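Each remark here refers to the structure printed beneath this line.
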Amino acid sequence: MTNATETPQYVTVKQFCEKHQAFSIGGLRSAIFWKRDELEKANAVTQLGRRVLIDENRFLQFVQAGGLRSVRGAA
């Protein structure tokens with residue numbers, strides 16, 4: 001049985017932006033578009049049908065580790 005702290009807390013893009021106002025909806029969608037593979041590998045985002053769900057803790061860890069330092073293409 002998994003521990004409650006290990007259970008992902010998924011939110012939608014809109015809910016994430018409302019809670020973390022430093023992120024705009026457009027900017028977050030763009031980051032997810034360009035970094036989808038890396039975000040999925042880090043288990044920071046997942047997809048349920050057409051809806052993208054964000055695991056808040058893992059996404060913020062990904063950002064803090066510099067995962068979104070360069071978003072589009074090679075720098």
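What follows is calculated from the coordinates using simple rules that are stated; it is not laboratory data. Since the structure is predicted, the reported quantities are computational estimates derived from the model, not experimental observations. Every residue, glycine as well, gets a Cβ built from its backbone with ideal geometry; the counts of neighbours run over all protein chains shown.
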In deg cm²/dmol, rounded to the nearest 500, the helical mean residue ellipticity at 222 nm of the chain, built from -39500 (n - 2.57) for every DSSP H run of length 4 or more, is -13500 deg cm²/dmol
Determine the dipole magnitude for region 9-64: charges of +1 sit on the beta-carbon of Lys and Arg, -1 on that of Asp and Glu, nothing else is charged, the reference point is the Cα centre, and the result goes in debye to the nearest 20. 180
Among (i) 26; (ii) 45; (iii) 39, only one was calculated for this model; which label is it, if the read-out is percent of Cα pairs over 20 Å apart? (i)
Test of understanding: what is the full-extension gain from Gln47 to Ala22, defined as 0.36 nm times their sequence separation minus their Cα-Cα distance? 6.7 nm
